1. In terms of the Cα gyration tensor, with a ≥ b ≥ c the square roots of its eigenvalues, is the range 1-50 rounded because a/c is under 1.5, prolate because a/b exceeds b/c, or oblate?
2. DSSP loop (so not H, G, I, E, B), at most 15 other Cβ within 10 Å: list which chymotrypsin sites (Phe, Trp or Tyr not before Pro) in the range 2-103 pass both filters.
3. With only Lys, Arg, Asp and Glu charged, each at its Cβ (+1 for the first two, -1 for the last two), find how big the charge dipole of the chain is about the Cα centre; round to the nearest 20 debye.
4. I'd like to know which of VAL21, ALA11, GLY67 lies farthest towards the positive end of the charge dipole of the chain, counting +1 on Cβ of Lys and Arg and -1 on Cβ of Asp and Glu.
5. Stokes-Einstein diffusion coefficient for the range 4-100 at 10 °C in a medium of 1.306 mPa s, Rh from the Kirkwood formula over Cα pairs: what value in µm²/s?
Amino acid sequence: MGAFFRAAAAADIPPGTGKVVVVMGREVGLFNVGGTFRAIDNICPHSFRPIGAVDFDGKVVTCLWHGLGFDVEDGRCLQTTEFCVETYPVRVEDGQVMVSLGR
Ligand code: FES
């Protein structure tokens, strides 16, 4: 596991919401699942467009482009086993959400 980098203030992402942030030049979807933060790559494996963080039901984010849903806890796609998004380790330090890109 690589170094952790500040991604956002925890207070900016209330439970049941998400936000796209840039960590070390990479777009990351940050989500608050009932008080636990999760991070996924923001590039959809379907056609390599941004997934976004707007359509989030508290556990699953739905890609803005063609509607595939991804469980933000493990990155799996709900509609097909063909696709999966990368997940990243997250921790919270002093009210800041920190993400490791694993590099
Ligand atoms: S690009 Fe995400 S569902 Fe097609």
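1. oblate
2. PHE48, TRP65
3. Dipole magnitude for the chain comes out near 180 debye.
4. Going by the Cα projections, it comes out as VAL21.
5. My calculation gives 122 µm²/s for D.
A short reminder: the numbers here are calculations on the coordinates, not readings from a lab. What you are looking at is a predicted structure, and each value in this text was computed from that prediction instead of being measured. Every residue, glycine among them, receives a Cβ derived from its backbone with ideal geometry; neighbour counts consider all protein chains shown.
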